[in-house]
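Trainee: If you scroll down you'll find the structure; I have some questions about it.
Coordinate-derived values only; no laboratory data. Just so you know, these numbers come straight off a predicted model, no measurement behind them. Cβ placement follows ideal geometry from the backbone for every residue including glycine, while neighbour counts extend to all protein chains displayed.
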Amino acid sequence: RHKAEATEPVHIALVGKYDLQDAYKSIREALSQAGTYNDRKVSVDFVNSEKLTDENVAEALKGMSGILVLPESESRRREPQPCIRCGRCVEVCPMGLEPYLLAAQGEMGLWEATLNAGVGDCVECGSCAYTCPAARPLLDYIRLSKRESRKL
């Protein structure tokens, strides 16, 4: 099935504490894939839980087909630790890249090195960051590298 073939819309409210959309990317992608599988076009609308009140909650969630409420522990980023060289990010990368290397090069500002290592091939699925036991912000550095390497 293809995303382009999905026609019927489904609106999902993603209620969380943080406005960082990247923190919820894997959830948004999973919902989109589930929608595609069921021939639905999923629209995910972020709702900041800290701005919800008894007075505005009905209006904020009006018209939603579903509501996904994330507890703070699920939406908060853990404190990053040094890379432990476990290789999990490499194992899960669908493009066969080395996310730990791209992130390290990006962190050091080595934009040309990231280009040579294939940063442009990254599809930004977030699997590397999700599986990293050290909570390294791999995807953040990869995105930064992609953005900066375009300027070369």
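Trainee: Peptides 45-52, 142-149: what's the order by average Cβ count within 10 Å, highest mean first?
Mentor: 142-149, 45-52
Trainee: What's the Kirkwood radius of the stretch 67-152 in Å, using all Cα pairs?
Mentor: 13.3 Å
Trainee: So if I place +1 on the C-beta of Lys and Arg and -1 on the C-beta of Asp and Glu, and nothing else carries charge, what would the dipole magnitude of the stretch 111-152 be about its Cα centre? I want it in debye, nearest 20.
Mentor: Magnitude of the dipole: close to 120 debye.
Trainee: Counting other Cβ atoms within 10 Å of each Cβ, which GluC sites (Glu not before Pro) in the stretch 66-131 have at most 12 and sit in a DSSP loop?
Mentor: On the way: sites: E72, E74, E91, E107, E112, E124; in loops: E124.
Filter output for the stretch 66-131: empty list.
Trainee: Here's another thing I want to ask about it. For the pair T131/F46, report the inter-label distance in nm, with labels modelled 7 Å from Cα in the Cβ direction.
Mentor: Distance between the two pseudo-spin positions: 2.6 nm.
Trainee: Can you list the cysteines of the chain that have no other Cys Cβ under 4.7 Å away?
Mentor: C83, C86, C93, C122, C125, C132
Trainee: If I model a spin label as a point 7 Å beyond the Cα along the Cα-Cβ vector, how far apart are those points for A58 and S26 in nm?
Mentor: 3.7 nm
Trainee: Could you compute the FRET efficiency for K151 and K17, with r as their C-beta to C-beta distance and R0 at 35 Å, rounded to 0.05? List each step's numbers first, then the result.
Mentor: On the way: r = 34 Å, r/R0 = 0.96.
That gives a FRET efficiency of 0.55.
Trainee: Return the label of the correct value of mean projected area of the Cα convex hull in nm², as calculated from the structure shown, out of (i) 11.8; (ii) 10.8; (iii) 12.8.
Mentor: Of the labelled values, this structure produces (ii).
Trainee: Separation between the E91 and R143 pseudo-spin-labels, each 7 Å from Cα along Cα→Cβ, expressed in nm?
Mentor: 2.6 nm
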